[in-house]
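J.: Have a look at this one before I ask anything.
The values are calculated or read from the model by the stated rules, or taken from the named source; none is laboratory data. Given the structure is predicted, the values throughout are model-derived calculations rather than measurements. All Cβ positions, even for glycine, are placed from backbone atoms using ideal geometry, and neighbour counts span all protein chains on display.
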Amino acid sequence: MHVKINHLQHVGIPVTDIKRSEAFYQSLGFSNVMPSTFLIDGNTGYVAMMKLKAVIIELYQVPEPQLQEIKSRGNGHIDHIAFDVDDIDSTYNTLKVSGYTIIEPEPVYLAFWEKGCKYFNITGPDGERLEFNQIV
């Protein structure tokens, strides 16, 4: 089996107040290069892709009631590590055939970045999520 990972693409961090977190990371020199939204059960969540040089941190605020789960965690929590790949479909098929536990039934398209992106997640031995992501 061979999966071609290019580099660490981003680290995803769930936050309870997107504006407060965005201001915090801006104070460290990050810029919001892609504000966006997403839907969970018809409710709107918010994303801020914060970039400083080659480092990208995805801040996201889920809608209520999912936000209560984030708030109950206490200290900060990194949700996932994302790897950049050239061919999301090939990577998905390779990992599926190799027996990895894949969360999504197929790569998911999001209207992020200029032309969108596709991603899927696998779980590691302790339940950690590893995302494979292709910016289209």
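J.: In segment 1-47, which residues are among the charged types (D, E, K, R) and either more than 16 Å from LEU130 (Cβ to Cβ) or under 15 Å from the mean Cα position of the chain (by Cα) (or both)?
T.: If the condition is that a residue be among the charged types (D, E, K, R) and either more than 16 Å from LEU130 (Cβ to Cβ) or under 15 Å from the mean Cα position of the chain (by Cα) (or both), then ASP17, LYS19, ARG20, GLU22, ASP41 are the ones that fit.
J.: Sticking with this structure for a sec: Taking segment 20-39 only, how many residues are exposed (fewer than 12 other Cβ atoms within 10 Å of the Cβ) and touching a Pro at 6+ places or on another chain (Cβ under 9 Å)?
T.: 1
J.: Just checking: which of the helices (runs of 4 or more DSSP H) contained wholly in segment 1-100 hold 2 or more residues that are out of contact with any helix residue (DSSP H, G or I) (no Cβ under 8 Å at 6 or more places or on another chain), of a type in the set (Ser, Thr, Tyr) and within 22 Å of LYS115 (Cα to Cα)?
T.: The qualifying helices (runs of 4 or more DSSP H) are 88-97.
J.: Also, quick follow-up: For segment 6-19, give me the residue count where each residue is over 23 Å from GLU64 (Cβ atoms) and surrounded by fewer than 14 Cβ atoms within 10 Å (Cβ to Cβ).
T.: Looking only at that region, the number is 3.
J.: How many residues does segment 84-110 contain that are surrounded by fewer than 16 Cβ atoms within 10 Å (Cβ to Cβ), within 25 Å of LEU39 (Cβ to Cβ), over 13 Å from the mean Cα position of the chain (by Cα) and of a type in the set (A, V, I, L, M, F, W, C)?
T.: Here the count works out to 1.
Yes/no matrix, rows are residues, columns are (1) of a type in the set (Ser, Thr, Tyr); (2) in contact (Cβ under 8 Å) with a residue 40 or more places away in the chain:
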residue	(1), (2)
LEU8	no, yes
ILE13	no, yes
ALA23	no, no
VAL33	no, no
THR44	yes, no
ALA48	no, no
GLU58	no, yes
LEU67	no, yes
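J.: Kindly indicate whether any position in segment 61-80 is on the phi < 0 side of the Ramachandran plot, modelled with pLDDT of 85 or more and either hydroxyl-bearing (Ser, Thr, Tyr) or surrounded by fewer than 16 Cβ atoms within 10 Å (Cβ to Cβ) (or both).
T.: So far as segment 61-80 goes, no, none of its residues is on the phi < 0 side of the Ramachandran plot, modelled with pLDDT of 85 or more and either hydroxyl-bearing (Ser, Thr, Tyr) or surrounded by fewer than 16 Cβ atoms within 10 Å (Cβ to Cβ) (or both).
J.: For segment 115-131, give me each residue that is part of a strand (DSSP E or B) and either farther than 16 Å from LYS96 by Cα or without any contact (Cβ under 8 Å) to a residue 60 or more places away in the chain (or both).
T.: Residues satisfying the conditions are CYS117, LYS118, TYR119, PHE120, ASN121, ILE122, THR123, ARG129, LEU130.
J.: Can you run down the residue pairs with Cβ atoms below 6 Å, 6 or more apart or on separate chains, where the first is in segment 86-110 and over 15 Å from LYS4 (Cα atoms) and the partner is surrounded by fewer than 13 Cβ atoms within 10 Å (Cβ to Cβ)?
T.: TYR109/GLY116
J.: Something else: Restricting attention to segment 113-127, and to residues there that are modelled with pLDDT of 90 or more and touching a Ser or Thr at 6+ places or on another chain (Cβ under 9 Å), which single residue is farthest from LEU39 (Cα to Cα)?
T.: Once the filter is applied, the top-ranked residue is ILE122.
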